[in-house]
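Read-outs throughout are calculated quantities, based only on the coordinates presented, and are distinct from any laboratory measurement. In this text the structure is predicted, and so the values were computed from the model without any measurement. Cβ coordinates were reconstructed from backbone atoms using ideal geometry, including for glycine residues, and neighbour counts include every protein chain displayed.
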Amino acid sequence: MRLAYASEAESVVDRINRKSQKLEARLGDNGEKPKWMRWRTFDRICERLEAADQAWGAELVTRFGAILA
C-alpha cells in the first residue's frame, strides 16, 4: 500500500512549527511555568523554543532571501 506518515510530507517550516506547538503545549497559559514543573525543565523548554524560533527565521530567510534582496 506504500503508506507514509503525514510528517514525511511536511516542509522544514511545518516541522519547526509542529515542534514549537508541542513545546508550547507543555507550558502553562501565556508561556508561564506550570506549578508542578521544575525550573530546570522550564528553562530547557524555553531554550528549545528559542532555538526553534531562530531556525524558523533562518529557514524563511533561506527561502525568501532572494525575493527580499
Exercise for the section: Scan region 1-54 for residues that are acidic (Asp, Glu) and either surrounded by 11 or more Cβ atoms within 10 Å (Cβ to Cβ) or part of a helix (DSSP H, G or I) (or both) and jot them down. Expected result: Glu8, Glu10, Asp14, Glu24, Asp29, Asp43, Glu47, Glu50, Asp53
Practice task
Six or more apart or on different chains, Cβ under 9 Å: which pairs go from a residue in region 51-64 that's under 15 Å from Arg18 (Cα atoms) to one that's part of a helix (DSSP H, G or I) and small (Gly, Ala, Ser)? Could you list them?
Solution key: Ala52/Ser20; Asp53/Ser20; Trp56/Ser20
Practice task
Go through region 1-46 residue by residue and tally those that are within 18 Å of Glu59 (Cα to Cα), among the basic types (Lys, Arg) and in contact (Cβ under 8 Å) with a residue 12 or more places away in the chain.
Solution key: 1
Fill in the blank from the handout: Counting only residues that are β-branched (Val, Ile, Thr) and more than 9 Å from the chain's Cα centre (by Cα), region 14-45 contains a total of 2
